[in-house]
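K.L.:
The structure's right below; bear with me while I get my questions together.
The values are calculated or read from the model by the stated rules, or taken from the named source; none is laboratory data. Computed from a predicted model, the values in this text were never measured in an experiment. Heads up, the Cβs are rebuilt from the backbone with ideal geometry, glycines too, and the neighbour counts pull from every protein chain shown. We work out accessible area using only protein heavy atoms, side chains counted, and drop any ligands, DNA or RNA first. Shrake-Rupley method; radii C 1.70, N 1.55, O 1.52, S 1.80 Å.
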Amino acid sequence: MAALGGLQSEGDVEEETRRITDELGRAVATASFDLEVSPVSCIGAVDELARIKDALRSHDVSLLYAAGGGRDILEGVVSSSNWSLIFLRHKSGPLYTWYEIIHPSFLRGGSDEFRALSVNVDDVVVDDYNEVIWRLRALHGLKNSLGKRIVAIGSAGGWGIGSRAARLARARWGLDIIELSYPELAHRIRMAKTDPKAVSHARAKAEEYLAQEGVSLRTDRRFVVNAFVLYQVLRDVMNELEADAVTVDECMSTIIPLAETTACLPLSVVNDEGGLAFCESDFVVIPAGILLHYISGKPVFLADPTYPYDGQVTVAHCTAPRRMAGKGYETANILTHFESDYAAPRVAFTKGQAVTAVIPDFRGEHWIGFKGRILDTPSFPTSFPGRGGDRRGLEEASAGDARVPLDDLLRGILKGDRICPGKSGDRMDVRLMLGSGDVQCSLTTTRLEVTLSRSRRDLVKVVP
């Protein structure tokens, strides 16, 4: 690519191309997400960019091996790409020229200030393909979150700010929210409940679910059958609208007299099957749940926090998946929901399980998050003003004493690394989006902060 650095001849370039191809093959084999890599292209001058520009535009990410060449080549590749990562060699092969000068010459342009580029220091990797893979995994999460289609039963709203949350989700994340009215859902439920074949299928699914190891029934069996009637109705709607994500508004009011059960169990099952299902049609937190799901490759759920103290917080839920760790099933008791007297799953998470929580703000600009471990799985009867008791499953999660940016938190999720402690904080004033992670460290944080950029391109910096 140039006569500087470790590549001095065409033979060196050919050998490096083979090396890159082999390394990429091994790296892709370790990825836990769908990843397709195209053949390596070599360019040595800016006028050669024309033959690869269409390929750059048609791919999600360009991985630029900056072995040599002028700054104009790097600028051309980056400006022609949707997203870009830059790989440099120090000790993993022939020394790359840009290992020496990428920061002062390309990123800063021979000045003290960073240039307005679509890449920055977070997009540069030296030698380590693990660093490449987790960045690609983050971009995979972002790509699948932007423009995500989701069915909103009833209406699209948000706790505290109502329909404004849905407007923000559409504007910021481009969510394709399709609303299905309750009269339409009621019609579908009536049709299903009068269809002997549909009822028979729901009864069989209910028996199959109740027969699973770790499941116990503490309510009327017919409520579980009704739950699987509702499950199939929701699945049919999702299939018709070509969506694998759904949320239900007015969970504890409108849907109960229609279905003669709650939506809790159907939503739990959808999550276990790899879909995305949220209660309350709460678009304050749903974008965070979608992003966390696609980054982690695991189920997520919406939960309510209590007041944090002594490094722990109790979170309440009634739609928790049983496969939060992505494999196997947690124990679940199917019992009455105090607000409904019907059926809801109380999932008991494994003590010691690592979890990740993201707490979005109401404006969609400032997120807080923490990692921790499950301390206990108690069951408390609780009540809320103007409502009956609410016996949801509650998980007590521990958190360490640290404060780091949310991008560092997500980087830790992706890499399984420890986050360095810093100044502590204790604010936790909006809802949690709890997801299970593979993080094998004992710490983490009570408060993490980041300001989300208003531009989509910069959103990638939130999930580096």
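K.L.:
Which is under 21 Å from N130 (Cβ atoms), touching a Ser or Thr at 6+ places or on another chain (Cβ under 8 Å) and either at pLDDT 90 or above or not small (G, A, S) (or both), of S79, S92, S62? Walk me through how you get there before you give the answer.
P.N.:
Numbers: S79 fails: under 21 Å from N130 (Cβ atoms); S92 fails: touching a Ser or Thr at 6+ places or on another chain (Cβ under 8 Å).
Step by step, each of S79, S92, S62 is checked, and only S62 is under 21 Å from N130 (Cβ atoms), touching a Ser or Thr at 6+ places or on another chain (Cβ under 8 Å) and either at pLDDT 90 or above or not small (G, A, S) (or both).
K.L.:
P257 versus (1) buried (at least 22 other Cβ atoms within 10 Å of the Cβ); (2) closer than 20 Å to I153 by Cβ: which is the lone unmet condition?
P.N.:
Checking P257 against (1) buried (at least 22 other Cβ atoms within 10 Å of the Cβ); (2) closer than 20 Å to I153 by Cβ, the one that fails is (1).
K.L.:
Separate question: Please state which one of L265, L276, L258 is of a type in the set (A, V, I, L, M) and modelled with pLDDT of 95 or more.
P.N.:
Exactly one residue qualifies, and that residue is L276.
K.L.:
Here's another thing I want to ask about it. Would you mind finding the one in G154, G160, G214 that is at positive phi and either open to solvent by 40 Å² or more (accessible area, probe 1.4 Å) or more than 29 Å from the chain's Cα centre (by Cα) (or both)?
P.N.:
Just one listed residue meets the conditions, G160.
K.L.:
Take F87 and tell me if it is under 27 Å from L142 (Cα atoms) and modelled with pLDDT of 95 or more.
P.N.:
Yes: the conditions hold for F87.
K.L.:
A further question on this structure: Is there any pair with a first residue in the range 221-250 that is among the aromatic types (F, W, Y) and a second that is open to solvent by less than 40 Å² (accessible area, probe 1.4 Å) whose Cβ atoms are under 7 Å apart and which are 6 or more apart or on different chains, and what are they?
P.N.:
Correct list of pairs: F223/T261; F223/A343; F228/A202; F228/A206; Y231/P266; Y231/V269.
K.L.:
Would you confirm whether or not the range 106-121 contains a residue that is open to solvent by 30 Å² or more (accessible area, probe 1.4 Å) and under 24 Å from I290 (Cβ atoms)?
P.N.:
Checking the range 106-121: at least one residue is open to solvent by 30 Å² or more (accessible area, probe 1.4 Å) and under 24 Å from I290 (Cβ atoms).
K.L.:
Give the residue, chosen from E250, E242, that is assigned to a loop (DSSP other than H, G, I, E, B), on the phi > 0 side of the Ramachandran plot and out of contact with any Asp or Glu (no Cβ under 9 Å at 6 or more places or on another chain).
P.N.:
One residue alone meets the criteria, E242.
K.L.:
Determine, yes or no, whether V78 is among the β-branched types (V, I, T) and open to solvent by less than 40 Å² (accessible area, probe 1.4 Å).
P.N.:
yes
K.L.:
Tally up the residues in the range 14-48 that are over 35 Å from the mean Cα position of the chain (by Cα) and either loosely packed, with under 13 Cβ neighbours inside 10 Å or free of Cβ contacts under 8 Å to residues at least 40 places away in the same chain (or both), please.
P.N.:
6
K.L.:
So which of K351, K371 is in contact with a Leu (Cβ under 8 Å, 6 or more places away or on another chain), more than 22 Å from E280 (Cβ to Cβ) and open to solvent by 10 Å² or more (accessible area, probe 1.4 Å)?
P.N.:
K351
K.L.:
Considering each residue of the range 32-59, count those that are under 21 Å from R135 (Cβ atoms) and either aromatic (F, W, Y) or in contact with a Leu (Cβ under 7 Å, 6 or more places away or on another chain) (or both), and give that number.
P.N.:
3
K.L.:
Pairs needed: first member in the range 160-184, closer than 25 Å to V233 by Cβ; second member anywhere, open to solvent by 70 Å² or more (accessible area, probe 1.4 Å) and assigned to a helix (DSSP H, G or I); C-beta distance under 7 Å; at least 6 residues apart or different chains.
P.N.:
I177/R170
K.L.:
Please determine, by comparing only the residues of the range 225-254 that are open to solvent by less than 30 Å² (accessible area, probe 1.4 Å), under 18 Å from H317 (Cα atoms) and aliphatic (A, V, I, L, M), which one is modelled with the highest pLDDT.
P.N.:
Here the answer is V246.
K.L.:
Of all residues being aliphatic (A, V, I, L, M) and in contact with a strand residue (DSSP E or B) (Cβ under 6 Å, 6 or more places away or on another chain) in the range 122-138, which is most open to solvent (accessible area, probe 1.4 Å)? Just the residue, please.
P.N.:
V126
K.L.:
Please state which one of L267, L292 is crowded, with 24+ Cβ neighbours inside 10 Å, under 15 Å from the mean Cα position of the chain (by Cα) and in contact (Cβ under 8 Å) with a residue 12 or more places away in the chain. Give the steps one after another, and end with the answer.
P.N.:
Numbers: L267 fails: under 15 Å from the mean Cα position of the chain (by Cα).
Just one listed residue meets the conditions, L292.
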